[in-house]
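Asks: What follows is a structure written as structure tokens; I'll ask about it next.
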Amino acid sequence: MSIGKTLSGIVGNIAAAIVMLVLSIIAFFVVIFIVEAGAGLAGYQPAGDYVVLSAALLTGFSVLSGMWKEE
């Protein structure tokens, strides 16, 4: 395996990780909005801690399920 191919793979992995991080942050903010809107429609006023916790769990599990691969 050549050094150029290895460096190309490393750069590709770093770029993919950065894109995944940015998309996860965007998804986190979208999920926070959805959780707050859903709680408001249901007549609840949850504390901010619980909104962030639920958004983090939902975003984390969606990222993990997107990374699932069948071999």
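Bear in mind these aren't lab numbers, they're just calculated from the coordinates by the rules spelled out. All of these numbers come straight from a predicted model, not from anything done at the bench.
Asks: Per 10 Å bin, what percent of the C-alpha pairs of the range 1-64 does each bin hold, from zero upward?
Replies: With 10 Å bins starting at 0, P(r) equals 20, 34, 20, 14, 8, 3, 0.
Asks: Quick one: 3J(HN,Hα) in Hz for the range 56-62, Karplus 6.51/-1.76/1.60 with θ = phi - 60°, rounded, Gly and Pro as x.
Replies: 5, 5, 4, 5, x, 5, 5
Asks: Now for a different question. Helix-only mean residue ellipticity at 222 nm, the chain, DSSP H runs n ≥ 4 weighted -39,500 (n - 2.57), per residue, nearest 500. What is it?
Replies: Taking each H run of at least 4 residues, the total per residue is -30000 deg cm²/dmol.
Asks: Expected output is a single nm value to one decimal: the length gained when fully extending between L41 and L58, i.e. 0.36 nm times separation in residues minus the C-alpha distance. What is it?
Replies: In short, 4.2 nm is gained.
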